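Take this structure first; my questions come after.
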Amino acid sequence: MTFDLTPEQDQLRDAVRALGRRYGHGYFVEKAKAGEHTTELWAEAGRLGYLGVNIPTEYGGGGGGITDLAIVCEELAAAGCPLLLLVVSPAIAATVLNRHGTEEQRKRHLPGLADGSQKIVFAITEPEAGSNFHRLGTVARRDGDGWLLNGRKCYISGVDEAGHVLVVARTEDSSTGKLKPALFLVPTDAAGLTRSKLDMEIVSPENQFLLYLDDVRVPADALVGESLDAGLPALFAGLNPERITVAAMGAGTGRYAIERASEYTATRTVWGGRSIGSHQGVSHPLAHAAVQVELARLMIQKAATLYDAGRDLEAGVAGNMAKYAAGEAAALAVDTAVQVLGGAGMTTEYGVATLLGAVRAGRIAPVSREMILNFVAQHVLGQDKSY
Ligand SMILES: Cc1cc2nc3c(=O)[nH]c(=O)nc-3n(C[C@H](O)[C@H](O)[C@H](O)COP(=O)(O)OP(=O)(O)OC[C@H]3O[C@@H](n4cnc5c(N)ncnc54)[C@H](O)[C@@H]3O)c2cc1C
């Protein structure tokens with residue numbers, strides 16, 4: 001067992017950290033408040049190869065794994081730039097296409113995802129289905145040699161920045177007559193696809209949308225994979241990378257908050273000459289949060305290592321646990337940081353309260369803490385399913 005990264009991964013960590021710090025949380029917040037995107041940071045990360053670290057070299061990527069992409073997610077977040085679209089585009093979309101797309105789809109989309117010139121977002125959540133993906137109501141019907149999609153999706157991140165949406169729909173299986181899931185690459189400017197931006201209480205340069213699909217016609221090659229049988233495995237292929245990278249983003253955000261808070265409490269004095277950090281009522285909550293973040297990082301490393309070793313089932317358990325742990329640790333770290341900074345904690349300048357919405361959302365999305373507990377109860381503890 002080793003807890004060390006490879007020398008290349010150490011270099012990647014240092015380089016991404018340097019890039020993130022050059023932009024910093026001030027840049028992230030400024031973009032969010034101006035209603036703009038972190039276009040410059042995304043483009044530079046793409047040029048430097050960080051967005052495509054997990055994409056095979058033959059498609060313009062770095063040929064690494066989810067461990068490498070988790071490093072990118074964590075270090076940018078630790079610099080105050082938690083980019084949710086890293087989880088959606090390189091983690092989910094690139095993995096799904098790489099593992100289950102056709103060769104033509106890989107050639108067409110992966111190079112753009114690797115260099116950051118293209119983003120593909122992911123749409124599964126629906127207003128009526130929520131956490132229950134068995135209730136998905138978006139349907140794809142054969143229409144000549146193509147497909148006709150109808151349905152509604154909600155909370156879909158980054159549609160305004162992406163060229164395509166990876167839409168999870170249901171199709172009719174001709175042999176059984178049953179509906180089964182399939183993924184479609186739908187251009188964001190497709191006729192019949194409309195969107196409305198949701199007002200979210202999250203300080204983020206990335207937006208969420210309601211999507212309406214009204215007779216959206218896509219060609220046959222929009223279906224991900226060679227046949228409808230690719231649907232379910234393609235859908236599952238995105239889950240582990242999603243859990244692991246969103247966990248890494250949470251751990252990075254937790255580190256960022258604890259670092260900001262520790263700098264402050266080590267130098268702030270209001271009782272004689274002693275720093276407020278010398279009071280254990282201040283330092284212990286921070287130390288407790290640091291322990292939780294570090295434990296989450298350990299689980300992320302385990303999950304990413306298992307995933308990169310091709311041990312998908314074990315990575316599923318570890319990835320869910322890592323996501324749960326990191327979501328809780330990030331929320332705790334940011335809340336604690338706000339508290340120990342006192343009034344400064346609520347200012348924009350000190351840059352911690354700006355993360356409250358994001359870390360709160362991290363306990364709900366992309367999979368809620370309750371659904372992870374359900375997963376662990378059933379698959380690890382052998383409990384009956386209640387729903
Ligand atoms: C910032 C943000 C970005 C997002 N981006 C995307 C995106 O890009 N693409 C996308 O497809 N979706 C996205 N989502 C949606 C997200 O995945 C869902 O919000 C999440 O899966 C929960 O679904 P829901 O909101 O419908 O909650 P519901 O399913 O309505 O659940 C409500 C509450 O009930 C709990 N609950 C539900 N069922 C059970 C049960 N069986 N046992 C115990 N508790 C249960 C849930 O945990 C939750 O706390 C995003 C959401 C947010 C907040």
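The values are calculated or read from the model by the stated rules, or taken from the named source; none is laboratory data. Everything numeric here is computed off the predicted structure, so don't read it as measured data. Glycine also receives a Cβ, built like all others from the backbone with ideal geometry; neighbour counts cover every protein chain displayed. Please note that ligands, DNA and RNA were not included when accessible areas were found on the heavy atoms of the full protein model with its side chains. Shrake-Rupley method; radii C 1.70, N 1.55, O 1.52, S 1.80 Å.
Could you check how many residues of segment 141-197 are more than 28 Å from the chain's Cα centre (by Cα), crowded, with 16+ Cβ neighbours inside 10 Å and either among the β-branched types (Val, Ile, Thr) or within 13 Å of the ligand (Cβ to nearest atom) (or both)?
Counting residues in segment 141-197 that are more than 28 Å from the chain's Cα centre (by Cα), crowded, with 16+ Cβ neighbours inside 10 Å and either among the β-branched types (Val, Ile, Thr) or within 13 Å of the ligand (Cβ to nearest atom) (or both) gives 0.
Still on this structure, I have one more. Name the pairs: first residue in segment 280-300 and more than 13 Å from residue 262 (Cα to Cα), second residue among the polar types (S, T, N, Q) and open to solvent by 40 Å² or more (accessible area, probe 1.4 Å), Cβ to Cβ under 8 Å, at least 6 apart or on different chains?
Final answer for the pair search is none.
For segment 83-100, state whether one or more residues are of a type outside the set (D, E, K, R), outside any helix (DSSP H, G or I) and under 19 Å from residue 206 (Cα atoms).
yes
Taking the stated definitions as given, is residue 325 open to solvent by 20 Å² or more (accessible area, probe 1.4 Å) and within 12 Å of the ligand (Cβ to nearest atom)?
The answer is no for residue 325.
Find the residue count for segment 198-220, including only residues that are in a strand (DSSP E or B) and open to solvent by 30 Å² or more (accessible area, probe 1.4 Å).
5
Among the residues of segment 339-387, what is the count of those that are part of a helix (DSSP H, G or I), touching a residue at least 12 places away in the same chain (Cβ under 8 Å), within 16 Å of the ligand (Cβ to nearest atom) and aliphatic (A, V, I, L, M)?
9
If the requirement is being crowded, with 20+ Cβ neighbours inside 10 Å and farther than 16 Å from residue 162 by Cα, which of these qualifies: 53, 88?
Numbers: 88 fails: farther than 16 Å from residue 162 by Cα.
Criteria check complete, one pass: 53.
For segment 120-177, which fully contained strands (runs of 3 or more DSSP E) count at least 2 residues that are aromatic (Phe, Trp, Tyr)?
146-157
In this structure, is residue 51 more than 20 Å from residue 296 (Cβ to Cβ), in contact with a Gly (Cβ under 7 Å, 6 or more places away or on another chain) and within 16 Å of the ligand (Cβ to nearest atom)?
Judged against the criteria, residue 51 is not a match.
For residue 84, state whether it is within 15 Å of the ligand (Cβ to nearest atom) and either under 30 Å from residue 25 (Cβ atoms) or out of contact with any Leu (no Cβ under 7 Å at 6 or more places or on another chain) (or both).
yes
Select, from 291, 246, 282, the only residue that is farther than 16 Å from residue 99 by Cβ, open to solvent by 50 Å² or more (accessible area, probe 1.4 Å) and of a type in the set (A, V, I, L, M).
After applying the criteria, what remains is 291.
Could you pull out the residue among 331, 304 that is open to solvent by 10 Å² or more (accessible area, probe 1.4 Å), under 18 Å from the mean Cα position of the chain (by Cα) and of a type in the set (A, V, I, L, M)?
After ruling out the rest, the residue left standing is 331.
May I ask you to list the residues in segment 56-68 that are in contact (Cβ under 8 Å) with a residue 60 or more places away in the chain and either in contact with a Leu (Cβ under 7 Å, 6 or more places away or on another chain) or surrounded by fewer than 22 Cβ atoms within 10 Å (Cβ to Cβ) (or both)?
Within segment 56-68, 65 is the sole residue that qualifies.
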